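Beneath this line is the structure, given in structure tokens, with notes to follow.
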Amino acid sequence: MQHITGISRNQMMLSSLEDTITADNPVRFIDAFVGTIDLEKIGFSIRILKTEGRPSFETAVFLE
């Protein structure tokens with residue numbers, strides 16, 4: 001019987017997105033800039049979807 005063989009589990013290599021972005025990549029500046037913006041000062045309010053349990057997303061991404 002023929003079957004598809006996968007990648008050996010012993011050869012897995014774990015990495016993060018942080019490891020793949022170079023130190024001089026412009027996305028690092030954009031991330032730092034956006035992180036300093038005070039959203040409430042420019043008219044947004046943070047919306048909290050539920051009060052119990054751990055939120056599935058950071059609550060700051062839900063703006064009104």
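Each residue in segment 37-55 was checked for being within 22 Å of the chain's Cα centre (by Cα), of a type outside the set (A, V, I, L, M) and modelled with pLDDT of 85 or more, and 1 of them qualify.
Inspect segment 14-31 for any residue being more than 19 Å from the chain's Cα centre (by Cα) and at pLDDT 85 or above and give the result as yes or no. Checking segment 14-31: at least one residue is more than 19 Å from the chain's Cα centre (by Cα) and at pLDDT 85 or above.
Scanning segment 13-43 for residues that are touching a helix residue (DSSP H, G or I) at 6+ places or on another chain (Cβ under 9 Å) and not polar (S, T, N, Q) turns up 21, 39.
The values are calculated or read from the model by the stated rules, or taken from the named source; none is laboratory data. It should be emphasised that the depicted structure is a prediction, and the values quoted were computed from it without experimental measurement. Cβ sites come from the backbone with ideal geometry, for glycine too, and all protein chains shown count toward neighbours.
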